[in-house]
Amino acid sequence: MSECSEEPARKKPKRHMERIAIFRSEGGSFQKYQSLLESNNFEAFLVPSIDFEYKNLSELKEALKTPENYSGIIFTSPRSVTAVVKALSNETLPSEWKNKQNYCVGASTWNEASVELDLNSAGKDSGSASKLSEMIINDFQRDPKPLLFPCSSIKSDVLPTKLKENEISLKIIDSYDTIPHSELENNLKTIIDDSKMRFLVFFSPSGVNSCKEILQKGPLTLKNKKFIAIGETTKQSIVQNGFECHGIASSPTPEGLLECLQTFRDS
């Protein structure tokens with residue numbers, strides 16, 4: 001009687017990697033996104049879409065050196081933290097700022113302020129200027145001194161408008177300009193021509209605006225690609241520029257983006 005050999009277990013077919021183009025500035029937390037996405041069978045590619053030119057740093061430095069004139073500081077992006085670091089050059093942020101009412105939008109900005117300036121700030125979980133505005137309005141201990149607000153020259157009016165309506169004053173210093181990345185057109189054409197690239201993920205309205213003219217040249221090749229926004233403001237920018245926004249990440253985090261992408265897994 002012959003022995004029966006066991007039939008080898010069949011391996012489950014490996015799910016193919018879906019390609020994602022992530023449009024954002026260089027640096028930051030891309031590796032965290034890449035690691036989580038690739039562990040869930042999404043192949044992520046960074047497409048640097050914007051760059052930054054810093055300005056008015058002397059005016060900003062003067063403000064930073066006189067903390068007694070302000071009730072606190074607001075950071076709405078990691079670049080606003082970088083502007084402060086550049087303004088200070090090799091000097092340290094005066095310690096008086098640590099005892100003031102300091103705010104930030106999102107975990108990335110919070111982390112940047114903590115690491116680069118040793119500054120704690122509220123708003124780590126806010127995720128948008130609108131949500132941060134509500135937090136400030138509810139939590140702010142009334143002070144006639146303004147909040148210092150180093151920001152982009154193309155900032156949204158949401159936060160300044162809401163705070164003004166609630167009689168919370170700001171000292172706004174335009175600290176950087178957002179410009180298209182020098183390699184954007186070449187990189188974007190490669191992405192558009194890649195038939196396996198399924199998702200285009202935008203982190204900011206400025207990223208959308210930098211890409212729009214090139215994207216509008218190839219509507220046929222965009223037909224099978226889905227636009228994903230990080231945040232409501234970015235979604236509005238996608239739509240206003242004539243594209244369809246197929247999804248919005250629930251939070252500006254790797255987990256929030258993954259959750260959004262997984263809803264398309266079987267579509």
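The listed residues are Gly27, Gly72, and the only one of them that is at pLDDT 95 or above and within 25 Å of the chain's Cα centre (by Cα) turns out to be Gly72.
Please give the strands (runs of 3 or more DSSP E) falling wholly within segment 22-129 in which 1 or more residues are open to solvent by 10 Å² or more (accessible area, probe 1.4 Å).
Details: elements: 42-48, 50-54, 72-75.
By residue number, 42-48, 50-54.
Would you point out which residue out of Ser204, Ser128, Ser133 is free of Cβ contacts under 8 Å to residues at least 40 places away in the same chain and of a type in the set (Gly, Ala, Ser)?
Ser133
Scanning segment 150-176 for residues that are among the acidic types (Asp, Glu) and either without any contact (Cβ under 8 Å) to a residue 40 or more places away in the chain or part of a loop (DSSP other than H, G, I, E, B) (or both) yields Asp157, Glu165, Glu167.
The single condition from (1) of a type outside the set (Ser, Thr, Tyr); (2) touching a residue at least 12 places away in the same chain (Cβ under 8 Å); (3) farther than 24 Å from Val208 by Cα that Ile179 fails is (3).
Figure legend. Inter-residue proximity from segment 96-112: first residues without any contact (Cβ under 8 Å) to a residue 40 or more places away in the chain and on the phi < 0 side of the Ramachandran plot, second residues outside any helix (DSSP H, G or I) and open to solvent by 50 Å² or more (accessible area, probe 1.4 Å), beta-carbon distance below 8 Å, spacing 6+ or different chains. Indicated pairs: Lys98/Asp118; Lys98/Asn120; Asn102/Asn120; Cys104/Lys124; Trp110/Lys124. Of the residues Ser71, Ser39, the single one that is out of contact with any Cys (no Cβ under 6 Å at 6 or more places or on another chain), free of Cβ contacts under 8 Å to residues at least 40 places away in the same chain, farther than 23 Å from Asp177 by Cα and not acidic (Asp, Glu) is Ser39.
The values are calculated or read from the model by the stated rules, or taken from the named source; none is laboratory data. This one's a predicted model, so the numbers in the text were calculated from it and none came from an experiment. We place every Cβ from the backbone using ideal geometry, glycine too, and count neighbours over all the protein chains shown. Side chains included, ligands, DNA and RNA excluded: accessible areas come from the protein's heavy atoms. Shrake-Rupley method; radii C 1.70, N 1.55, O 1.52, S 1.80 Å.
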